[in-house]
Every structure is written in C-alpha cells, then in structure tokens.
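Take a look at the structure below.
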Amino acid sequence: MVGATLPVAAQAADLEVTHWWTSGGEAAAVAEFAGAFDERTEDTWIDGAIAGGGSTARPIMISRITGGDPMGATQFNHGRQAEELVEAGLMRDVTEVAEAEGWRDVIAAPSLLESCTLDGEIYCVPINIHSWQWLWLSNKAFEDAGVAVPTNWDEFVAAGPTLREAGKVPLAVGGQPWQNAGLFNVLLNALGGRDMTMRVYDDKDAEYAAGPEVAEIFAAVADARELSQGTNVQDWNEATNMVITDQAGGQIMGDWAQGEFQMAGEVAGEDYSCLPGLGVNEIISTDGDAFYFPMLDDEAESAAQEELASILFDREVQIAFNLKKGSLPIRKDVDLDAANDCMKKGLAILEAGGTVTSVNQLVSPDTNTQIETLFSEFFADTSMTPEMAQERFADIIADAY
C-alpha cells in the first residue's frame, strides 16, 4: 500500500506515463504497473507508449520536457540520460518518498539508486536490474542440427557451421545500432572479464583499448558478425522470435528477452537454455530502468507522481512486474519462488556479488552513440576488418567522457 505519510491528492488526476515498452512481454509487464496504480489510487494511468525502442523514444521525451509539455512520469535507463534535465531543474526529486519507505535499506543494487541521486537528492525510482550478459539458446534448433546445446561461447561458435547446414541462422542479431554495440559490450565483459570492461570504460584507457587483449574481443565480434548473416530483422524482439521459433540457434540479448519466451509459453531449461556471461564469466551488468518525474504545476498531478513513485517500488508490484519483464527485482526482500531457472541463475549471481557496472553509467550518451554507430557500421559492412573497427573504437575511448 502507499505509505500513509505521503500527501493525498485533493482530486483525481490523469497521469501520462511515457515509456518504450511495446513488445508483447514488455507490454504485459508495464500493465502490472498501470493496473496497480489505477487500483490503489483515485488517479488514472494514461499510457504513453512510444514504439521504436529507447533510441527513438528518448529524444521525443526530452524534447517534450524541455519544450514545456512534460508528461507525468517517464522511463529512462540508468546512467546519464537524464542528467542534464535534472541539472536544469526540470525534474522533481522524490527523496521524501524514498526516505519514508526506506529504499536504501532494501535495494539490491545500491549503484542504481546512486544513479538516481544528485547532490544528495533522489530524482528517480529504480525499478529493476537488467543485465545484458546472456546468450539465449533454442534447444530444438540444436537438436534439429544434431549437435549438443552449447555450454559456453566457444562451443556455440564451433556449432555455427553445423547449424547453418541445418538451415538455421546461428546467431540472431537485429539491425538496430544499440543491439550491435550491446553485443560487443557483452563479449568484452564475458570474454575479457570485469577488469577489462572497467579499464576500457571507467578508466577510459585508450592505449589498452587499442592493444592485443582487446583485439581478441574484436576477433570474437567478427565471429558474431559471420554467425549473424541471414538474420534480416531489425527489432530485438523479432530476433528473439527467431530463437523461439527455432529458426536461429541463439541470441545475445538482455534478460528482457525472457518476457518474450514467457509470452510464447516457452519453458526455461526445456524449450530454451540461457548462459549468463556466455557461460564463460558469470558476471552480470547492473543495467536497469528507472522512472523520472518532470516538474508539474498541477497540484493533483504532483501528488499523483508521489503515489506512483511509491507504487513502483512496492514489494508485491515489483514481483508482478519483474516476473513478466524477465528482469531481477530492485528489492532484495522479495519472495521469488515463482522465478524460472534463468531468473534464479541471475539472482544467484547477484547474491554472490558477480556484477559489473553498466556502460550506461560509465560514459556519456554522446560516447554511447558513437560506439553504437561504429558497431552498426561494422555489422553492416563486412569489408570493415576487426583491426579497423578497433582503431576507431580506441579513438572514441580517447575522447570519451
């Protein structure tokens, strides 16, 4: 229930909530938030879904806020995407709600709450822990090809030619730039380890990024590019569907892909398998989604914002949302007996401290965009060698901030 110490709206409000969750699994998950808000308050959730993913949605959201047409609440990823909006005084803080409900005492990934904090004030509600570090596998695709389901990246690469001979695309990779860059970051973390990721993105060591150890990661990206030939889809969930329908052997994608498997009635461990850290380094990145609340003049809408902030972090709502989203709950005091095998793997890694800070939290949106552009070009143009791509990457890291 919403805390009794919170202000109560004098009248009901319609609260527009913008987000980019439009796939089947995502829509089912966000409906849990909307349903809880409508049920527990006198207010109404007005859904403002924007199709096309975050890269499409974020500029629209930012333009509305800076242009004087703010929504009641909006999704962003953790990191620095909303940093300038907060610094400009366009976002309200929810520190009072967070302190009243003891968020710091129960949060499972404190770094995500820190990402919401500026000058000691909390400006967003972290709602989940998403990790990119997964290889999703179609068990039947490997059965059709007469090869064992891989247990690590090397085995997966080795099975590629056999899968292709059986009429399968070995690795489904959508055509959007964020997917291409995300795949690289997964390989960097899984094959190179936490220290390599932090040296490149946190220390921004351009000389190291140009060196022989990172060159091995670029060789692996070239393998992924070859394995992905024939995918011919754009959206990530279309690539996931290729795995669900056994057209593809696997997909490197965040744990949000699990929502699509669930919507399709697939059972973890039976219909599909999952390899956190690609079966090499069982480390998960602490990415995630958060909701921010633009400054509003309307008193009823402002009160509704606080009600929503409380509901998003609520224990029972967290369970309902994350079971459908495929992510891990942001709270460590939830009962997840209903979690499937893959979610339990993620929880075990989290509890063991096997995490690495997400790239979104380490570099600016501008640097991220440059990296996305590079890997989009790399996957589209097979004449670009791994050496050429690495040289450009090192230049980006040299100028990163």
#### Entry: Residue ID - surrounded by the fewest Cβ atoms within 10 Å (Cβ to Cβ), chosen from residues in region 192-210 that are among the hydrophobic types (A, V, I, L, M, F, W, C) and under 20 Å from Gly182 (Cβ atoms)
Met198
### Query
Do we find that Ala339 is among the small types (Gly, Ala, Ser), more than 30 Å from Asp271 (Cβ to Cβ), outside any helix (DSSP H, G or I) and in contact (Cβ under 8 Å) with a residue 12 or more places away in the chain in this structure?
no
#### Entry: Breaking point among (1) touching a helix residue (DSSP H, G or I) at 6+ places or on another chain (Cβ under 6 Å); (2) crowded, with 21+ Cβ neighbours inside 10 Å; (3) not in a helix (DSSP H, G or I), for Ser310
(3)
### Message
With farther than 30 Å from Val173 by Cβ, hydrophobic (A, V, I, L, M, F, W, C), surrounded by fewer than 21 Cβ atoms within 10 Å (Cβ to Cβ) and at pLDDT below 90 as the only criterion, which of Ala338, Ala320 stands out?
### Response
Ala338
### Message
Which of the numbered conditions does Thr56 fail, given that it passes all the others? Conditions: (1) open to solvent by 40 Å² or more (accessible area, probe 1.4 Å); (2) over 24 Å from Gln179 (Cβ atoms); (3) within 21 Å of the chain's Cα centre (by Cα).
### Response
(2)
### Task
Take Glu213 and decide whether it is in contact with a Gly (Cβ under 8 Å, 6 or more places away or on another chain), assigned to a helix (DSSP H, G or I) and modelled with pLDDT of 95 or more.
yes
### Task
Report yes if some residue within region 158-175 is touching a residue at least 24 places away in the same chain (Cβ under 8 Å), part of a helix (DSSP H, G or I) and among the small types (Gly, Ala, Ser); otherwise report no.
yes
### Task
Scan region 352-374 and report the pairs whose first residue is under 20 Å from Gly193 (Cα atoms) and modelled with pLDDT under 95 and whose second residue is open to solvent by 40 Å² or more (accessible area, probe 1.4 Å) and of a type in the set (D, E, K, R), with Cβ atoms within less than 6 Å and a gap of 6+ or a chain change.
Gly354/Glu282; Val356/Arg194; Leu362/Asp202
### Residue, farthest from Glu101 (Cα to Cα), within region 137-157, restricted to residues that are in contact with a Leu (Cβ under 8 Å, 6 or more places away or on another chain) and not in a loop (DSSP other than H, G, I, E, B)
Ala145
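Among the residues of region 94-125, count how many are in contact with a Cys (Cβ under 6 Å, 6 or more places away or on another chain) and either open to solvent by less than 10 Å² (accessible area, probe 1.4 Å) or under 30 Å from Leu163 (Cα atoms) (or both).
Selection size over region 94-125: 3.
Only one residue in Val186, Val243, Val221, Val214 is over 20 Å from Leu275 (Cβ atoms) and either open to solvent by less than 40 Å² (accessible area, probe 1.4 Å) or without any contact (Cβ under 8 Å) to a residue 12 or more places away in the chain (or both), so which one is that?
Answer to the check: Val214.
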### One residue from Ala166, Ala158, Ala181 being out of contact with any helix residue (DSSP H, G or I) (no Cβ under 7 Å at 6 or more places or on another chain), among the small types (Gly, Ala, Ser) and farther than 21 Å from Glu260 by Cα
Ala158
### Summary
Per the filter on region 269-285, residues open to solvent by 10 Å² or more (accessible area, probe 1.4 Å) and under 20 Å from the mean Cα position of the chain (by Cα) are Ser273, Leu275, Gly279, Asn281, Glu282, Ile283
### Summary
For region 346-396, the count of residues that are of a type in the set (A, V, I, L, M), in a helix (DSSP H, G or I), closer than 18 Å to Trp178 by Cβ and open to solvent by less than 70 Å² (accessible area, probe 1.4 Å) equals 5
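The values are calculated or read from the model by the stated rules, or taken from the named source; none is laboratory data. In this text the structure is predicted, and so the values were computed from the model without any measurement. All Cβ positions, even for glycine, are placed from backbone atoms using ideal geometry, and neighbour counts span all protein chains on display. We work out accessible area using only protein heavy atoms, side chains counted, and drop any ligands, DNA or RNA first. Shrake-Rupley method; radii C 1.70, N 1.55, O 1.52, S 1.80 Å.
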